[in-house]
């Protein structure tokens, strides 16, 4: 087999740059609309002034969480292949492996956006309501006994410590995996594969704990009063299916560019099954959480869904979320044939990627912008900027090594994959 | 062309040929059972008859003979029910989900695991029936029959009714799945039969199977369809069982993580029971080449994965109970860990979360004795998990004047014993009269995974 090498050409880089510029332009247009459209500086219910910058901060945070999750669960996908000794996927492993590069970027972005969104103002805006110090002043007019009770977990030093620990652990394990995989290209043999299995298992264990706690920290705590034991797994389900969609789309695109010439429809079929199964898994988790809260109808829990379904801004997103993430992928990917044809996979993956962006939008926006949220140029532009950045990092990762881990002991199994 | 990587170790050891498979498995059906079988059967029949007395008294006198009181209105009955349903998850997971994941190692264990599943679900179904008091009227109460049949409509909003549908569907599909798999093997036994009686019986059981290409083609498509149907059922059954609790507003019951966490716990306990049974079966029937240490190691890995998921769920519940700021939630969990039932909570934590972690050591997860011991520990732990959830959440009522403890009576224990009697009697009958390993499927992997084939190359 001749070497399959991806070259990140200047032309491609230029295209991504243009995409990024278009994104920036959209955000600017969006800002102009919001700032001068007469809705820029309204009095919010909580008494804080609403400013268009708030919407920018919130959008940064949504995309940061979303793309970080895709990168992270892409590495999880890779780790699962090693830990379960999967053979079929050995051919395409380098794609999720390239996702890991984004975790480094996300580390910086998370810190910066956290700082901007909570401290850069204007008018004392916080993405995280619990950062408002007046909530903890006993006897003060803003005193909130419930949030004060959570202070042992939700306080800035502990929050930042956890944040750093998560990233250090993720990056460390990803580096181990990536380096070992690159060494295998040079040296061959089984020993690297065996080490990769160990590293992958360790990554899975770390991920199992940190994915939940990170979801509590970065998403759940936005609606500070609200709680749900399912939440960590819900965020995981949303990330994971989006990552599989991203892997599939990039694989199909590379194939269309003349790479992965030994890819067959059985590989696609397996990815299609993953997409189908995890779309259902996400729905299962979504439905379980929703039904239990709906059925018990306890005010402090039900408020979360009421804020979304009974609002002008978010009700449609609530239904679009289910349409894009369950109904459409379910029916598109149901038949065997559709899982084996790139056109159906492309359609389904696009819906899933857009759908799960909306999912995170719906988790984060109502708790931060309340009635000032919307979907417009700022949202679209910001998502385009992040997507272009993410693709840029992934492509650079892909270009650094052979597209196929040529000494992977399962490679022959994967090349002759047949179901 | 199918390629098998050199890093994979063979699943079937001992250089078995296709003929060996038929011989090794069929001989157990054809030969007289060993003395140990009669001994085992005698013990399970004793359980069954002692239990039968308890069951008869419960049905005759009513469920007042149990230790329930007005505060703890659900205890061993539903604990045992959930425990057995949970155990009944491994078989279909092995045969359906592992089939979809193309895990060939399932082929040596799926037959016995599915049989175990079916018997466990029968044991589970016993509890809702006996709990209805007049069980001969139970059919009218749980089935949605029109009012003209003498009863009121069932309550469609109740998760207990959803259970009726979920479990009966699951039972039916599992039974059909299991039986379809048995047909080619019954035909093999029929063809080898030396006496008329077994030829006729196994002939009838095999539905005239001749093994033509068309037969096999249909067999394979039916298996795939049933696997597709069974996969959501594996998830739905325990999800709905968890709804029995989680849809309520009882602190300790109402928590959104219940559905996936119950499913994981069910798979966890199901695999433990499969291991307990198969370790004995493989020893008595000398099946070490078919159910190799590698099979046992894989099952132990599933135990450690599902056990750790359960562990994370326990910790999540504890954390969120504190984080919620709801005093009733916080109390429910504090009381579980430190209240009068602390010992049940400690048993649950030790057996389900701590000890299964020992399987991280390769030495332990490949040791037969350690596996056997830990598999029983897991099943004890999973019984206590349900007991903890059910009884500790109920025994502290909203009114402190109603606070109570639960003490089981002879009939609580006896009814539980009865289900053990049913379970093991059925399992031993199965082990004697049915092929305990799916011969047809194991033969299909002899070529690609057995040691003899590798040696020839």
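With the condition kept exactly as written, say whether any residue in the stretch A:194-214 is at pLDDT below 95 and not in a helix (DSSP H, G or I).
No, because not a single residue in the stretch A:194-214 is at pLDDT below 95 and not in a helix (DSSP H, G or I).
Would you be able to say whether some residue in the stretch A:330-338 is modelled with pLDDT of 95 or more and surrounded by fewer than 18 Cβ atoms within 10 Å (Cβ to Cβ)?
Yes, the stretch A:330-338 contains a residue that is modelled with pLDDT of 95 or more and surrounded by fewer than 18 Cβ atoms within 10 Å (Cβ to Cβ).
Only one residue in B:9, B:46, B:57, B:17 is touching a residue at least 12 places away in the same chain (Cβ under 8 Å), surrounded by fewer than 16 Cβ atoms within 10 Å (Cβ to Cβ) and within 14 Å of another protein chain (Cβ to nearest Cβ). Which one? Let's see the steps before the verdict.
On the way: B:46 fails: within 14 Å of another protein chain (Cβ to nearest Cβ); B:57 fails: within 14 Å of another protein chain (Cβ to nearest Cβ); B:17 fails: within 14 Å of another protein chain (Cβ to nearest Cβ).
Only one candidate passes the filter, namely B:9.
What number of residues within the stretch A:229-244 are over 14 Å from residue A:77 (Cβ atoms) and more than 9 Å from chain B (Cβ to nearest Cβ)?
Counting residues in the stretch A:229-244 that are over 14 Å from residue A:77 (Cβ atoms) and more than 9 Å from chain B (Cβ to nearest Cβ) gives 2.
Can you pull out the helices (runs of 4 or more DSSP H) entirely within the stretch B:315-434 that have at least 2 residues that are more than 30 Å from residue A:151 (Cα to Cα)?
Per the criteria, B:342-349, B:362-365, B:368-387, B:410-433.
Out of the residues in the stretch A:293-303 that are touching a residue at least 12 places away in the same chain (Cβ under 8 Å) and in contact with a helix residue (DSSP H, G or I) (Cβ under 7 Å, 6 or more places away or on another chain), which is nearest to the other protein chains (Cβ to nearest Cβ)?
This residue is A:293.
To keep it simple, each residue is scored yes or no on (1) within 14 Å of another protein chain (Cβ to nearest Cβ); (2) under 28 Å from the mean Cα position of the chain (by Cα); (3) closer than 30 Å to residue B:23 by Cα; (4) loosely packed, with under 14 Cβ neighbours inside 10 Å.
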residue	(1), (2), (3), (4)
B:158	yes, yes, no, yes
B:171	no, yes, no, no
B:226	no, yes, yes, no
B:235	yes, yes, no, no
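Scan the stretch A:89-101 residue by residue and report those that are in a helix (DSSP H, G or I) and within 14 Å of chain B (Cβ to nearest Cβ). If you could, list the steps in order and put the result at the bottom.
Within the stretch A:89-101, the first condition is being in a helix (DSSP H, G or I), and the residues that meet it are A:90-92, A:94-99, A:101.
If the condition is that a residue be in a helix (DSSP H, G or I) and within 14 Å of chain B (Cβ to nearest Cβ), then A:90, A:91 are the ones that fit.
Applying the selection to the stretch A:129-163, what residues are within 14 Å of chain B (Cβ to nearest Cβ), loosely packed, with under 13 Cβ neighbours inside 10 Å and part of a helix (DSSP H, G or I)?
A:145
Does any residue of the stretch B:297-313 turn out to be more than 23 Å from residue B:407 (Cβ to Cβ) and not in a helix (DSSP H, G or I)?
No.
Condition first: free of Cβ contacts under 8 Å to residues at least 12 places away in the same chain and either within 27 Å of residue A:238 (Cβ to Cβ) or within 13 Å of chain B (Cβ to nearest Cβ) (or both). Now tell me which residues in the stretch A:176-212 satisfy that.
A:191, A:194, A:198, A:205, A:208, A:209
Would you pick out the residues in the stretch A:329-356 that are more than 20 Å from the chain's Cα centre (by Cα) and assigned to a helix (DSSP H, G or I)?
A:330, A:331, A:332, A:336, A:337, A:338, A:339, A:340, A:342, A:343, A:344
If you check residue B:137 against the conditions, is it farther than 30 Å from residue B:91 by Cβ and assigned to a loop (DSSP other than H, G, I, E, B)? So that I can check it myself, show each step before the final result.
Numbers: farther than 30 Å from residue B:91 by Cβ: yes; assigned to a loop (DSSP other than H, G, I, E, B): no.
Judged against the criteria, residue B:137 is not a match.
Test of understanding: among B:186, B:177, B:207, which residue is at pLDDT 90 or above and in a loop (DSSP other than H, G, I, E, B)?
Details: B:186 fails: in a loop (DSSP other than H, G, I, E, B); B:177 fails: in a loop (DSSP other than H, G, I, E, B).
Testing whether each residue is at pLDDT 90 or above and in a loop (DSSP other than H, G, I, E, B) leaves just B:207.
Go through (1) at pLDDT below 95; (2) under 25 Å from residue A:241 (Cα atoms); (3) not in a loop (DSSP other than H, G, I, E, B) one by one and return the number of the condition residue A:86 breaks.
(3)
If the Cβ limit is 6 Å and pairs must be 6+ apart or interchain, which residue in the stretch A:264-287 that is at negative phi pairs with which residue that is assigned to a helix (DSSP H, G or I) and at pLDDT below 95?
These pairs meet every condition: A:265/A:340; A:268/A:340; A:269/A:339; A:269/A:340; A:272/A:339.
Hey, does the stretch A:247-269 have a residue that's within 26 Å of residue A:376 (Cα to Cα), assigned to a helix (DSSP H, G or I) and within 10 Å of another protein chain (Cβ to nearest Cβ)?
No; the residues of the stretch A:247-269 include none that is within 26 Å of residue A:376 (Cα to Cα), assigned to a helix (DSSP H, G or I) and within 10 Å of another protein chain (Cβ to nearest Cβ).
Go through the stretch B:240-263 and give me each residue that's within 8 Å of another protein chain (Cβ to nearest Cβ) and assigned to a loop (DSSP other than H, G, I, E, B).
Of everything in the stretch B:240-263, those that are within 8 Å of another protein chain (Cβ to nearest Cβ) and assigned to a loop (DSSP other than H, G, I, E, B) turn out to be B:247, B:248, B:249, B:254, B:255, B:256, B:257.
Filter the stretch A:14-53 down to the residues that are in a loop (DSSP other than H, G, I, E, B) and modelled with pLDDT of 70 or more, then identify the one that is nearest to residue A:389 (Cα to Cα).
Among them, the one singled out is A:51.
Quick one: residue A:181 ticks every box in (1) surrounded by fewer than 19 Cβ atoms within 10 Å (Cβ to Cβ); (2) over 20 Å from the mean Cα position of the chain (by Cα) bar one, so which box is it?
(1) is the only condition that residue A:181 fails.
Scan the stretch B:269-287 for residues that are assigned to a loop (DSSP other than H, G, I, E, B) and either more than 17 Å from residue B:445 (Cβ to Cβ) or under 16 Å from the mean Cα position of the chain (by Cα) (or both) and jot them down.
Across the stretch B:269-287, the qualifying residues are B:285, B:286.
The values are calculated or read from the model by the stated rules, or taken from the named source; none is laboratory data. Not measured: the values here are computed from a predicted model. Cβ sites come from the backbone with ideal geometry, for glycine too, and all protein chains shown count toward neighbours.
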